[in-house]
1. How many percent of the alpha carbon pairs in the range 54-129 exceed a separation of 15 Å?
2. Most fluctuating residue of 117, 47, 100 in a GNM of the chain with Cα springs under 10 Å: which is it?
3. Once a ≥ b ≥ c are taken as the square roots of the eigenvalues of the Cα gyration tensor of the range 95-146, is the result rounded (a/c under 1.5), prolate (a/b larger than b/c) or oblate (a/b not larger than b/c)?
4. Three principal axis extents, largest first, for the C-alpha atoms of the range 1-143, in Å?
5. Gap in Å between the Cα centre of the range 9-62 and the Cα centre of the range 157-231?
6. For the chain, what's the radius of gyration and Dmax over Cα atoms, in angstrom?
7. So what does log10 I(q)/I(0) come out to for the range 150-204 at q = 0.14 Å⁻¹, using the Debye formula with one equal point on every Cα and no solvent?
8. On the principal axes of its Cα set, how long, how wide and how thick is the range 174-243? Give whole Å, largest value first.
Ligand SMILES: Cc1cc2nc3c(=O)[nH]c(=O)nc-3n(C[C@H](O)[C@H](O)[C@H](O)COP(=O)(O)O)c2cc1C
């Protein structure tokens, strides 16, 4: 079977709007300051909650900020995070992106930084795995299944494994939220630079110490225009059967 067989087998009622949305869903950093009603924001969180989580544990919590006073407290923190990024990783265009395109992106990032206090809504997805309940007997059988080398490797990457596993439970919902925002005529963009000052963000928002935050997603009515995303072609990124 090749790709064209798969496409020609697609049911006639496949949703073309979904594909049009995905292929034009750029990060939208220019938002109008008008508020977004709570009922609309609830629909975004509903879409996020429809996303899957490992073992269907659903240990996510979402902080939704709409109070301008809280946003005003977050704005200086966001400015410090953006400035830290632009001074380091963000100083140069990523490999493969032309300078002009990167200049436009930086202009949008700076716009969002300078207008952050006027962001109508901000969603902060949080997640925390429960403490694992694994007894000695379970550990012994796990080591038997994996073998000694792999068990030792797992021990060394435990922190990375947990972070990835929690992220894997959050980001499918985040993508649902971003798609739902587009479906409702809203704009949003996923950001993670708040992690530079995560403790400070958590303090402002009263997020419990043991909770991890995974993104800060500004949401509002779009002020810019959506258009086709710029991505590598499928043929360049796919490895069939083996790398
Ligand atoms: C995991 C992740 C983290 C991101 N973090 C940030 C961020 O902190 N700030 C920001 O302005 N954009 C952030 N972005 C948006 C990307 O920069 C953007 O999606 C990418 O440059 C492609 O641009 P486009 O979505 O407009 O096509 C993030 C995207 C992803 C997937």
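1. Percentage above 15 Å: 66.
2. Comparing 117, 47, 100 in a Gaussian network model of the chain, the most mobile one is 100.
3. Working: a/c = 8.99, a/b = 2.24, b/c = 4.02.
It comes out oblate by the Cα gyration axes.
4. 53, 49, 39
5. With the range 157-231 and the range 9-62 each reduced to a Cα centre, they are spaced 12 Å.
6. Gyration radius and largest Cα-Cα distance of the chain: 20.8, 59 Å.
7. For the range 150-204, the Cα-only Debye profile gives -0.60.
8. 46, 36, 19
The numbers here are math on the coordinates, done by the rules we state, and not lab data. Not measured: the values here are computed from a predicted model. All Cβ positions, even for glycine, are placed from backbone atoms using ideal geometry, and neighbour counts span all protein chains on display.
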